[in-house]
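Encoded as structure tokens, the structure appears first; notes follow it.
The values are calculated or read from the model by the stated rules, or taken from the named source; none is laboratory data. Predicted model only: the values in this text are computed from it and were never measured. Please note: Cβ atoms are built from the backbone with ideal geometry, for glycine as well, and neighbour counts cover all protein chains shown.
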Amino acid sequence: MNAPDRAVRNRNFALLIALECCWAFAVWLAHPVTVLPNFMIRLGASPFIVGLLPALWAVGTGVGALAVGPLIAHRARLAPITGVWHLFAIIPYLGLAGIAAVAATWEVDRRLLQAAALFLFLLFDLAIGCLMNVYFFLLSRIFPGKGRSRWFGALFTISCAAGLLGPLLASTGFIREGSSLMAYAALFLTSFVFMFLGSLPFFFLREPAARPALRRTLASNFAHLRELWNGHIHLRRYLVARMWVQVGMLTGAFAATYSREEAGLGEHTITWFGLIAVAGEAAFSWPLGWLGSRLASGDASARAAYIRTQFVVQSLVMGSLLFAALRPGLPAAMALVLVTGLCVAADLVIHPNILIEMGTPRLRADFIALGAVVLMPAMAVIGPLAGWVIELIGHRWTFGLAALVGVPGLVNLWRLSSGRKASARG
């Protein structure tokens with residue numbers, strides 16, 4: 001690499017660190033595992049309603065992914081338009097601040113406030129669901145193919161270190177014992193400000209121009225993704241295996257409700273748990289990137305190495321669900337939150353690299369989008385269904401059953417990583 005190229009890459013990396021640090025602080029300040037469920041519970045939400053939060057995220061990422069082809073296939077450069085989209089995407093956080101202020105000031109039907117909050121979550125998830133796919137495709141342009149997971153690991157490790165300040169401030173400056181809903185209003189407003197700052201670096205990134213392709217319609221894009229699904233058996237087997245282990249999302253979706261009911265913890269303590277989740281993400285991001293690269297340096301292909309790393313991650317997730325089912329209490333609650341951080345790290349560092357390795361450079365964006373679209377139905381159903389089951393039989397039995405449901409996915413991930421023929425299910 002010559003000096004100008006190295007300088008551009010270093011400049012881009014510095015801008016991406018600034019971008020990621022601002023967004024990590026903002027997102028983890030309003031942590032989706034601790035703060036957002038607690039906010040909905042303060043509005044009177046049941047476990048079923050809390051389970052809708054990851055379901056809305058699934059719908060947002062899936063529907064957003066369908067729009068990726070029409071939005072980016074014809075664009076030679078992505079960074080500036082991505083910055084504009086991010087500025088529009090963060091507007092719902094102003095609405096959440098308004099809902100919290102209204103709830104704190106006036107007597108309003110809490111069901112209406114819950115519905116309004118869920119609608120704003122959906123708007124944010126639809127926008128970010130699309131933008132995350134574009135963002136990972138943008139990263140695949142900026143970072144070289146060799147050692148990409150190490151770049152990803154370093155980027156998300158540094159940003160998570162800054163993100164630790166989010167739950168720290170949330171638990172010490174906003175959500176303290178006896179805090180009113182106005183504290184949530186101030187918290188959401190602060191998150192909005194830092195998301196705004198984190199959107200600005202997009203306008204200064206320098207990416208290599210790509211040859212534009214013909215612009216697709218939504219219908220042609222869907223047909224193209226279906227053709228990819230039918231024509232790439234390894235991609236299909238991997239995503240089907242991921243569907244089975246997607247029950248691991250229960251660790252984050254219901255960590256707050258589990259902590260309240262099984263560990264007897266209060267709102268302030270659960271907010272503090274956000275530190276554990278972000279610390280777990282920071283601690284695991286770099287090792288996961290290193291492990292994937294290390295495994296790929298041997299006889300195994302990079303794709304098999306990343307899938308093997310994914311198998312290890314998902315095994316730990318299922319183990320934490322089983323532990324929470326068998327030994328309820330504070331250690332189990334902390335384990336659920338810690339493993340949630342591991343899941344986030346794997347979804348940022350390992351999962352996109354598996355999809356990227358399965359596709360040619362021209363198909364990478366489509367493979368990333370297809371991953372979100374295929375996983376959307378499972379994710380959209382698991383959260384509300386688990387919330388309903390929790391209301392019927394409790395957290396322990398629900399988590400135990402979820403751990404068993406994930407076993408076929410673990411088996412097929414292992415077979416894929418070992419080069420063996422997957423079963424009919426995988």
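Can you name the residue in region 235-270 that is surrounded by fewer than 24 Cβ atoms within 10 Å (Cβ to Cβ) and among the β-branched types (Val, Ile, Thr) and is also farthest from ALA170 (Cα to Cα) among such residues?
VAL240
I'd like to know if region 231-248 contains one or more residues that are within 21 Å of TRP151 (Cα to Cα) and of a type in the set (Phe, Trp, Tyr). Please lay out each step first, then the result.
To start, the set of residues in region 231-248 that are within 21 Å of TRP151 (Cα to Cα) comprises none.
No: region 231-248 contains no residue that is within 21 Å of TRP151 (Cα to Cα) and of a type in the set (Phe, Trp, Tyr).
Picking from SER140, SER171, which residue would you name as being buried (at least 18 other Cβ atoms within 10 Å of the Cβ) and at pLDDT 85 or above?
Details: SER140 fails: at pLDDT 85 or above.
After applying the criteria, what remains is SER171.
Give the residues of region 358-411 that are more than 20 Å from the chain's Cα centre (by Cα) and charged (D, E, K, R), sorted by residue number.
ARG362, GLU391, ARG396 - these are the residues of region 358-411 that are more than 20 Å from the chain's Cα centre (by Cα) and charged (D, E, K, R).
Looking at THR251, THR190, can you tell me which residue is farther than 21 Å from HIS395 by Cβ, β-branched (Val, Ile, Thr), modelled with pLDDT of 90 or more and in a helix (DSSP H, G or I)?
Every option except THR190 fails the conditions.
For ARG294, indicate whether it is assigned to a helix (DSSP H, G or I), of a type in the set (D, E, K, R), buried (at least 20 other Cβ atoms within 10 Å of the Cβ) and modelled with pLDDT under 85. Steps first, please.
Details: assigned to a helix (DSSP H, G or I): yes; of a type in the set (D, E, K, R): yes; buried (at least 20 other Cβ atoms within 10 Å of the Cβ): no; modelled with pLDDT under 85: yes.
Against the criterion (assigned to a helix (DSSP H, G or I), of a type in the set (D, E, K, R), buried (at least 20 other Cβ atoms within 10 Å of the Cβ) and modelled with pLDDT under 85), ARG294 does not qualify.
Would you check which residues across region 100-111 are surrounded by 15 or more Cβ atoms within 10 Å (Cβ to Cβ) and without any contact (Cβ under 8 Å) to a residue 24 or more places away in the chain and list them?
Matches in region 100-111: VAL102 only.
Tally up the residues in region 79-118 that are outside any helix (DSSP H, G or I) and in contact with a Ser or Thr (Cβ under 8 Å, 6 or more places away or on another chain), please.
Going residue by residue through region 79-118, those that are outside any helix (DSSP H, G or I) are 90, 106-109.
Applying the additional criterion that residues be in contact with a Ser or Thr (Cβ under 8 Å, 6 or more places away or on another chain) yields 90.
Residues meeting the conditions: 1.
Among the residues of region 92-124, which ones are among the acidic types (Asp, Glu) and closer than 17 Å to ALA45 by Cβ? Before you say what the answer is, go through the steps one by one.
Here is the first cut: in region 92-124, the ones among the acidic types (Asp, Glu) are 107, 109.
Matches in region 92-124: ASP109 only.
Pairs please, first residue from region 348-362 and at positive phi and in a loop (DSSP other than H, G, I, E, B), second anywhere and modelled with pLDDT under 75 and among the polar types (S, T, N, Q), Cβ atoms under 7 Å, 6+ apart in sequence or on different chains.
From residues that are at positive phi and in a loop (DSSP other than H, G, I, E, B), there are no pairs.
So ALA76 fits all but one of (1) at pLDDT below 95; (2) in a helix (DSSP H, G or I); what number is the exception?
Only one criterion in (1) at pLDDT below 95; (2) in a helix (DSSP H, G or I) is unmet by ALA76, namely (2).
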